[in-house]
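Structure, as structure tokens:
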Amino acid sequence: MIFRVLRGLAAVLLLGAALWVGARGQGPVPPLGQLLDPVNGVWGPVTHASLPRRAAARIPGLSAPVDVRYDDRGVPHVFASSEPDAYRALGYVVARDRLFQMDLQTHAATGRLTEWAGRAALPLDRETRDLGMPRAAEQKLAAIDTTTMAWKVMVAFAAGVNAYVDGLRPWQVPIEYHLLGVRPSRWQPIDAIHLFNRMGWTLTYLPDEAARYAARAMVGDQAADALFPLNSVIQEPIVPLAGKAPRFDFTRLPPPGRPDTGAARVASLLRSVSPPGELAAAGDRRHLASNNWAVAPSRSADGHALLANDPHLDLTLPSIWYEVQLVVPGKLDVYGVTIPGAPGVVLGFNRDLAWGFTNTGADVLDFYRETVDDTLHPAKYEVDGAWRPLALRVERYLGKHGELLATDTVRYTYRGPLMHRFGAWVSMRWTLLEPSREVTAFYRAAHDTSTREFLDDMAQGFFVPAQNVLVADRRGHIAIRSTGHFPIRPRGTDGLEIFDGSTTRSDWTGYWPVSAYPQAFDPKQGYLASANQQPEDPRAQFAYLGDERAFDPWRALDINRLLRADSSVTVDDMRHFQTSPLSVRAELFVPYFLNAAKGAVPDSSLDRAAAILRNWDGRYTRDNVGAVLFEEAMRRLRDNTWDELQGPSGERVATPSDDIMYDLLQQPYSVWWDTKTTPAVEDTRDMIVVRSLLQAYDSLVKRLGPPGAGRWAWDSTARVNVRNLLGIPAFSALGLITDGGQGTLNPAPGHSMGPSWRLVVDLDPAGLKAWDTYPGGQSGDPASPRYADRIPQWLTGALSPALFPASAAALPAGRTSATLTLDPEARR
């Protein structure tokens, strides 16, 4: 998981850096001179890029020395005598490798980017604070019981980070700080909450309620609701179906109706209160998301439970993950990846079990149209006939030198932040802004020994973003539960509207009981899989969870088919499944193109196009040409089919998902096939499909030349870019080639997102074994050999064995690259 803000922030920070370099500083040495200082400037961090074979440092508050052994993959194995000491050491080692990344995330999460980039970052900071995220973190901090281990972990982690920050010499400061002309910040325990809030903002799915309303404005309510339904047409849910799977719930799409004249204004209002970029990215992101699956001993070759996880998130350098092991004899032994800044392992395994997450896609945010006492400067809002005072919070935005750039007043109802959009005052209720205990959940989970214990601990503390939590243990049990806080809305409603804020009848009445969460334990089929599909059969679902656009069925169809077909799964099979380039989506759609072409008027271009698809095996391998033609044909098919949804400017106001298109393909004479561009002809399915294929072929020939020219290969049009957090090309890995594509289990090519970490675990009762990799490296320093050293391996789909020693002595000497001793007092 990386934060969406970083993509928009890169240009802002680069602008800030450019302005800083060109300006004069506060003293005899101009900023440019400081930047090029050979000792303390930008070149200083190069000498700090690699840890020496032996090093020592001091962390105040340690109860005993901590032994940190780095293996030959740069993974620190932390051996401590107490848990607080282990988390102090975690803070230190993560800060040493990822300080700028941690600091950037905190500035983004607290709405303080202006302190680095100046006024150019003000819109981003205002968004964060308008959403109430810093205020919510402060409230969560105030609610923490300071006698708990979770609080002690947060304090210890912060102490470790600050021990590193306080000990930094000017030449050790990461290069990004030099470019921006700023200094590292000290870490506070609340920063862990800010981090989890930002993770929640990144992964909370916001249903495109605006798309449905925009469609209603064009084709009426009945047609729009059918094009954007609550449930997926293709059912292969996470909780296994009672009957045959998959199930196709085809329905006749009603024809376009009379436009809903009021819906356009509601759509504009909804889009104005939604985080920028969220709605635009929704259609693209739903094809990416994440995968996890587990195989029971009855279906594995060695009779052990197996687990795989590969979260599909933003691909960045440094990576969003940092790999680590924490060991406290008799108390803690956990391995996996953390988000830099999180006090604990987020995904991974211990000696007894392994776990992985995928995003649930739950709708946990609602809007309310409020009645206020003053439409310009409200001080009160009306609820149930009584006026209540708005809570006010003054937000001050500072520049790089502490100067005041702007001051805002953010208003709050009891539901959440209040925003003024299109002449209306709208409040927002969001589970992210309500009490939660994510640090507690991860701390407890690291100690758990069984699948049910793990899922119950996560359910008690992990509220948002809702995740499909998959777990397997050495006893051979496998289980999954969609975990989070799911609102219970007023009877007869869902979250796809703006509620009347003047009455408490519009309020949530509570949260789903854990017993109602979508979940499965040791299913008869012998495996479980989640790939962001609908969690549960809607016929059995407790209540509204989210709309169809949150649930992408294609990867779920693929992994379930692979697991059904193999009753003797091996570790290597699990690895190969993760990088499968086969597209079930293509298998379902290509026959319609071929059948339509067969019955069409003979045409040489159409024949060549059909031959390409006929000879394609549906795999998005780097050298094939079929994938390029298929994706272009699908794009043309959407354009030609959904012309009724084109607005006055010619742009579609909303686009139904491809499973709705597949539903429409079952209706060859539907009125939806008849295009406005040919009023004299009543178009049918096959006419539109042929037209789309021909347009795709002709456009590719015009752009790339004939198919045999070598430019139609998939790797020529779809590559992977792993960008530096500041967007600096020299610090990025660009134009990478790998297999996979839209709707496949490995969907990275052509996108900024993809498998951010791959893990396979063998839950052998005699001793757990694991293999993993991610697209980056342990270090955040571009000069370090550990900055991007794993990318070649990641591109091929290979995994490295994870060293999981029970003690420092158990880590092979030949696999140890460095030793760091952390003491309560400095060594002499």
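The values are calculated or read from the model by the stated rules, or taken from the named source; none is laboratory data. Everything numeric here is computed off the predicted structure, so don't read it as measured data. A quick note on method: Cβ atoms are made from the backbone with ideal geometry, for glycine too, and the neighbour counts reach across all protein chains shown. Only protein heavy atoms, including side chains, enter the accessible area calculation; ligands, DNA and RNA are left aside. Shrake-Rupley method; radii C 1.70, N 1.55, O 1.52, S 1.80 Å.
Quick rundown of the values:
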read-out: Selection from Y412, N560, S63, by position along the positive dipole direction of the chain (Cβ); value: S63
read-out: Average accessible surface area per residue within segment 59-196, 1.4 Å rolling probe, Å²; value: 29 Å²
read-out: Cα-based Rg and Dmax for the chain, where Dmax is the largest Cα-Cα distance (Å); value: 27.1, 91
read-out: DSSP bridge orientation in the chain - percent antiparallel, rounded to nearest 5; value: 85 percent
read-out: Contact order relative to length of the chain, as percent, for alpha carbon pairs under 8 angstrom and 6 or more apart; value: 20 percent
read-out: Extent along principal axes [Cα atoms of segment 169-265; Å; largest to smallest]; value: 69, 43, 24
read-out: Whole-Å distance, taken between Cα centres, linking segment 696-719 and segment 585-600; value: 20 Å
read-out: Magnitude of the charge dipole, the chain, Cβ model with Lys/Arg +1 and Asp/Glu -1, debye to 20; value: 1360 debye
read-out: Solvent-accessible area, 1.4 Å probe, carbon plus sulfur percent, for the chain; value: 54 percent
read-out: Whole-number accessible area per residue in Å² for segment 752-828, which is evaluated in the context of all protein chains at 1.4 Å; value: 36 Å²
read-out: Length-normalised contact order of segment 586-707 in % [C-alpha pairs under 8 Å, at least 6 apart]; value: 33 percent
read-out: Net charge over other residues, Cβ less than 14 angstrom from the Cβ of A479 (K, R count +1; D, E count -1); value: -2
read-out: Dipole of the chain, positive end: most advanced residue of Y544, V327, P602 [Cβ charges, Cα centre]; value: V327
read-out: Segment 586-707 - charge dipole about Cα centre, Lys and Arg +1 at Cβ, Asp and Glu -1, debye rounded to 20; value: 380 debye
read-out: For q = 0.12, 0.18, 0.23 Å⁻¹, Debye-computed log10 I/I(0) when each Cα of segment 586-707 counts as one equal scatterer; value: -0.43, -0.98, -1.46
read-out: Cα-Cα over 31 Å, subset of K152/K400; K140/K380; K331/K524; K140/K769; K244/K676; K598/K676; value: K152/K400; K331/K524; K140/K769; K244/K676
read-out: Segment 657-795 - percent relative contact order, Cα under 8 Å, separation 6 or more; value: 11 percent
read-out: Accessible surface, segment 586-707, averaged per residue in Å² (probe 1.4 Å); value: 44 Å²
